[in-house]
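J.: Structure in C-alpha cells, see below.
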C-alpha cells in the first residue's frame, strides 16, 4: 500500500513537471517568435546591435526634425514680406469712355505694407500711378475713393473685385 501511495505521488510530481514544462515551452516559443520578429529582415541577429541602430536612426531623425523646424521658422519670417493681400476695384473715371477700364490695385504683405497701383484709362492713353502703403495707410499721398476701397479690401484680405 505504501508502494502505491509513493507511485501516486511520483506520478503526480511527474504530471506537475510535465505541465510546468509545457507552460515554459509555450512562453519560450512565444519569446523566440517575438525575438525573430524583432530581428527579422536584418543581417544582425544581436538584439543589442539592432537596438543601437534604432537609437542611431532616432538621433538622426531628431536632428532632421530640428533642422526642418529651423527652416520652417525662416520661411514664416520671410513669408511676412511677400504679397499676401490683394484688393482690386475697377471704375470709370471719365464720362467720355465706356466701361470700367480703369482700376485701383492694392498689393500688401502680411504687415499691410505695400503699394496701390492705379491705372486711369482714357481714349487717348492709359496712365499708371503708384502710392506707397505702410501699416495699411497711405504714406505721403492722398488716396482716391477707389484707391481707399481697394486698400480696404486688401487689408480685410479679400482678393475679389
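J.: As an exercise, use a Förster radius of 22 Å and the Cβ-Cβ distance of residue 95 and residue 141 to find the FRET efficiency, rounded to the nearest 0.05.
T.: 0.30
J.: Suppose R0 equals 35 Å. What FRET efficiency, 1/(1 + (r/R0)^6) with r the Cβ-Cβ distance, do residue 55 and residue 4 give to the nearest 0.05?
T.: According to the calculation, E is roughly 0.05.
J.: Can you tell me what percent of all Cα-Cα pairs in region 1-40 are more than 14 Å apart?
T.: Value for region 1-40 (Cα pairs over 14 Å): 63 percent.
J.: Treat each spin label as a single point 7 Å out from the Cα along the C-beta direction, and report the residue 69 to residue 30 distance in nm.
T.: 4.0 nm
J.: May I ask for the angle, rounded to the nearest 10°, between helix 2-39 and the longest principal axis of the chain, with both axes built from Cα atoms and the value confined to 0 to 90°?
T.: 30 degrees
J.: Counting each DSSP H run of 4 or more residues in the chain as -39500 (n - 2.57), what helix-only mean residue ellipticity at 222 nm follows after dividing by all residues, to the nearest 500 deg cm²/dmol?
T.: Details: 3 runs with 83 residues, N = 161.
Counting only the DSSP helices, I get -18500 deg cm²/dmol.
J.: 7 Å from Cα along Cα→Cβ at both residue 81 and residue 125: what's the point-to-point distance in nm?
T.: 3.5 nm
J.: Further, regarding this structure: Report, in whole Å, the centroid distance computed from the Cα atoms of region 1-36 and region 118-157.
T.: Cα centres, region 1-36 to region 118-157: 93 Å.
J.: For 5, 103, what's the fewest-to-most ordering of other Cβ within 10 Å of each Cβ?
T.: Numbers: 5 9, 103 18.
Ordered from fewest to most neighbouring Cβ atoms within 10 Å, 5, 103 come out as 5, 103.
Read-outs throughout are calculated quantities, based only on the coordinates presented, and are distinct from any laboratory measurement. Because the structure is a prediction, the values reported are computed rather than measured. Every residue, glycine as well, gets a Cβ built from its backbone with ideal geometry; the counts of neighbours run over all protein chains shown.
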